[in-house]
Amino acid sequence: MSGVKRRIRRTAEEARRIILDAAELRMAKVGPGGLRLQDIAADIGLSHPVILHHFGSREGLVHALNQRTTLQLKESLRAALTAGDFSRDEMVERVLRAVFNAFNGGLAQRLAFLGPAADEPTGSAAALIEDIVDLIHTKRMALSGEGFNLSRSDSRAIVFLVATSAMGNALFGGPLLGSPDQATHDVAIGQFQRWLRSLIGQHIFGMMINPGPAQDLMSPAA
């Protein structure tokens, strides 16, 4: 009996976390398209049916990992935007760092793998993105001072610009920036992020010195 391994009892939440951690490690090596549930099961000593029980399919597992990453991004942004006093420039820098890190960590590849299905169940991803827009817009309003009426659509446009830049970099950044190798790309993406930070900063500063009425620049009438 001494050679019989005792079964480790885990809560459903703990089992899901262990599976997601293992999937994230394996996807870093093979990408979402090369992910096999049998391999993940072997990595962590679980059976294939256990993973199916928790996630339903490979796509379900990728969905769950995307949701976890997006939630982590939201919380990292929340922490960055509430940690002490800082300027508008520092706010932009913190947002850029958090978003680029999330997309470079595999989020971009998983979203590309899922395509339009990334928002299933319908609205799930959109709800998280709305939370992120709210976080950034609320902080921008706090930094703008009293009497400044800022359109929420402007904050959404900034989120869109940063997210699409981060995803483009993660998927195709080297060729887009003309980087022949990783070392060159590290320098190039640093330069691009400084340029992007300056672009957003100039936009925000321009709105501060010429406030006018709040405009919904994303509306058809704008």
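Read-outs: derived from the displayed coordinates by stated rules, not from any lab. The model shown is predicted, which means the values in this text are computed figures rather than measured ones. All Cβ positions, glycine included, derive from the backbone under ideal geometry; neighbour counts span all protein chains shown.
For region 38-138, the set of chymotrypsin sites (Phe, Trp or Tyr not before Pro) satisfying both a DSSP loop assignment and a count of at most 16 other C-beta atoms within 10 Å is given as 86. With a simple spin-label model that places each label point 7 Å from the Cα along the Cα-to-Cβ direction, the separation between residue 126 and residue 43 comes to 3.2 nm. Estimated at 0.36 nm per residue, the fully extended path between residue 28 and residue 11 surpasses their Cα-Cα distance by 3.5 nm. Listed peptides 186-193, 21-28 appear in the order 21-28, 186-193 once ranked by packing, highest mean of other Cβ atoms within 10 Å at the front.
Please find the FRET efficiency linking residue 182 to residue 72, where r is the Cβ-Cβ separation and R0 is fixed at 35 Å, and quote it to the nearest 0.05.
0.90
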